[in-house]
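Contents: one structure, followed by commentary.
The values are calculated or read from the model by the stated rules, or taken from the named source; none is laboratory data. Since the structure is predicted, the reported quantities are computational estimates derived from the model, not experimental observations. Here the Cβ positions follow ideal geometry from the backbone for every residue, glycine too, while neighbour counts run over all protein chains shown. Accessible surface is based on the protein model in full, side chains and every heavy atom, while ligands, DNA and RNA are left aside. Shrake-Rupley method; radii C 1.70, N 1.55, O 1.52, S 1.80 Å.
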Amino acid sequence: MGLVSCVAGIAVVVLAVGGLRLTGGFSSPSTASASQPQVRYLGVYEPGAPDSYSGVEQFARAVGRQPNLVSYYSGWGEAFQKSFAETAASHDATTIVQVDPSNISLAKIAAGKYNYYLISFADSVAAFKHPVIISFGHEMNGFWETWGYTHVPPATFVKAWRHIVDVFRQQGANNVTWLWQVNSSSSQTGSVRDWWPGSQYVNWVGVSGYYYVPSNTFSNVFTPVITSIRDFTQDPLLIAETAVGPQAGQTRGIKDLFAGLRTQDYLGLVWFDQHSYGGLYKGEDWRLEDNPAALGTFRNALKGLAGTLAG
């Protein structure tokens with residue numbers, strides 16, 4: 001989750017413009033109006049997931065729409081949370097699973113040493129039958145993850161990624177969309193191309209990035225890394241984790257995010273929606289619910305409108 005991911009219990013909102021295939025992943029985004037493309041998918045990650053769905057329902061009431069994408073984070077060795085995924089499906093939502101291999105040898109994953117776990121997980125996902133989105137080792141181009149830059153050779157990560165996808169396919173888990181997610185570019189990140197497994201192993205590409213100060217814009221937060229990604233793939237792209245901090249101006253930042261999203265055929269965006277009370281980003285309150293103007297702007301942005309809602 002980038003540097004912000006060091007803070008526990010962060011909520012995520014996912015918006016997507018594009019077409020969902022019910023088997024075999026997601027299709028390329030459909031062409032929409034150049035002025036106001038339809039925001040077709042709204043999703044959320046809440047800190048209580050996958051143990052509870054109540055946070056998703058509360059957020060749905062706040063933003064005025066029922067999410068159709070919901071996310072949770074899964075430590076290495078944890079089973080697929082079928083109950084949570086079933087609840088999501090009953091709400092017409094697709095589950096996103098972020099699999100984090102903290103302090104696990106990626107070389108051993110690539111060599112098949114963890115196949116017993118991968119086969120079990122893949123079998124559970126295949127038996128679920130509904131679409132599932134899986135991201136392995138997100139933000140691997142950043143130094144803050146044990147599976148990433150400065151910790152693991154990119155070639156080892158690529159081998160592990162390909163092995164995981166191969167195992168799932170061999171087990172018939174063809175209902176998985178594979179999300180490859182990097183962090184926005186900075187002096188503390190590595191070349192994203194080094195970590196690329198190849199389009200035959202990826203369905204979506206994702207980018208994490210945040211607005212901390214008023215000078216942050218879509219152009220300087222996201223465009224540099226997206227430009228690098230577009231040098232080697234045209235796969236559908238998701239702004240996979242983002243938020244606007246109070247010091248950056250949430251209302252301004254939300255408008256800028258949606259404007260940037262609508263300039264290209266991006267799948268959508270992911271929003272962190274919780275107050276980070278401690279750690280490196282102490283005091284950053286990413287929540288929409290605590291800022292009526294920001295929440296109104298967000299609600300209007302879903303509708304393709306300008307300005308804010310009253311109340």
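Go through the range 44-56 and count every residue that is buried (at least 18 other Cβ atoms within 10 Å of the Cβ) and either in contact with a helix residue (DSSP H, G or I) (Cβ under 6 Å, 6 or more places away or on another chain) or part of a helix (DSSP H, G or I) (or both).
Going through the range 44-56 one residue at a time, the tally reaches 6.
Residues that are open to solvent by 60 Å² or more (accessible area, probe 1.4 Å) and within 29 Å of Gly304 (Cβ to Cβ): does the range 95-113 have at least one?
no
Pick out the one residue from Phe80, Phe59 that is part of a helix (DSSP H, G or I) and in contact with a strand residue (DSSP E or B) (Cβ under 8 Å, 6 or more places away or on another chain).
When all the criteria are applied, what remains is Phe59.
To keep it simple, each residue is scored yes or no on (1) under 17 Å from the mean Cα position of the chain (by Cα); (2) in contact (Cβ under 8 Å) with a residue 40 or more places away in the chain.
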| site | (1), (2) |
| --- | --- |
| Phe222 | yes, no |
| Gln234 | no, no |
| Val244 | yes, yes |
| Leu257 | yes, yes |
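Being without any contact (Cβ under 8 Å) to a residue 12 or more places away in the chain, part of a loop (DSSP other than H, G, I, E, B) and surrounded by fewer than 16 Cβ atoms within 10 Å (Cβ to Cβ), is that true of even one residue in the range 116-126?
Checking the range 116-126: not a single residue is without any contact (Cβ under 8 Å) to a residue 12 or more places away in the chain, part of a loop (DSSP other than H, G, I, E, B) and surrounded by fewer than 16 Cβ atoms within 10 Å (Cβ to Cβ).
Please count how many residues of the range 200-219 are assigned to a loop (DSSP other than H, G, I, E, B), touching a Ser or Thr at 6+ places or on another chain (Cβ under 9 Å) and of a type in the set (A, V, I, L, M).
Residues in the range 200-219 being assigned to a loop (DSSP other than H, G, I, E, B), touching a Ser or Thr at 6+ places or on another chain (Cβ under 9 Å) and of a type in the set (A, V, I, L, M): 1 in total.
Return the only residue of Gly253, Gly249 being open to solvent by less than 10 Å² (accessible area, probe 1.4 Å) and small (Gly, Ala, Ser).
The unique qualifying residue is Gly253.
Would you be able to say whether some residue in the range 274-293 is modelled with pLDDT of 90 or more and out of contact with any Asp or Glu (no Cβ under 7 Å at 6 or more places or on another chain)?
Yes: the range 274-293 contains one or more residues that are modelled with pLDDT of 90 or more and out of contact with any Asp or Glu (no Cβ under 7 Å at 6 or more places or on another chain).
Filter the range 199-222 down to the residues that are farther than 20 Å from Leu179 by Cβ and β-branched (Val, Ile, Thr), then identify the one that is surrounded by the fewest Cβ atoms within 10 Å (Cβ to Cβ).
By that ranking, first place goes to Val213.
Search the range 69-88 for residues being crowded, with 18+ Cβ neighbours inside 10 Å and either among the hydrophobic types (A, V, I, L, M, F, W, C) or touching a Gly at 6+ places or on another chain (Cβ under 7 Å) (or both), and hand back the single one that is nearest to Leu302 (Cα to Cα).
By that ranking, first place goes to Leu69.
Being closer than 15 Å to Leu106 by Cα, part of a loop (DSSP other than H, G, I, E, B) and at pLDDT 95 or above is true for just one of Val165, Val152, Val158. Which residue is that?
Being closer than 15 Å to Leu106 by Cα, part of a loop (DSSP other than H, G, I, E, B) and at pLDDT 95 or above holds for just one of Val165, Val152, Val158, which is Val152.
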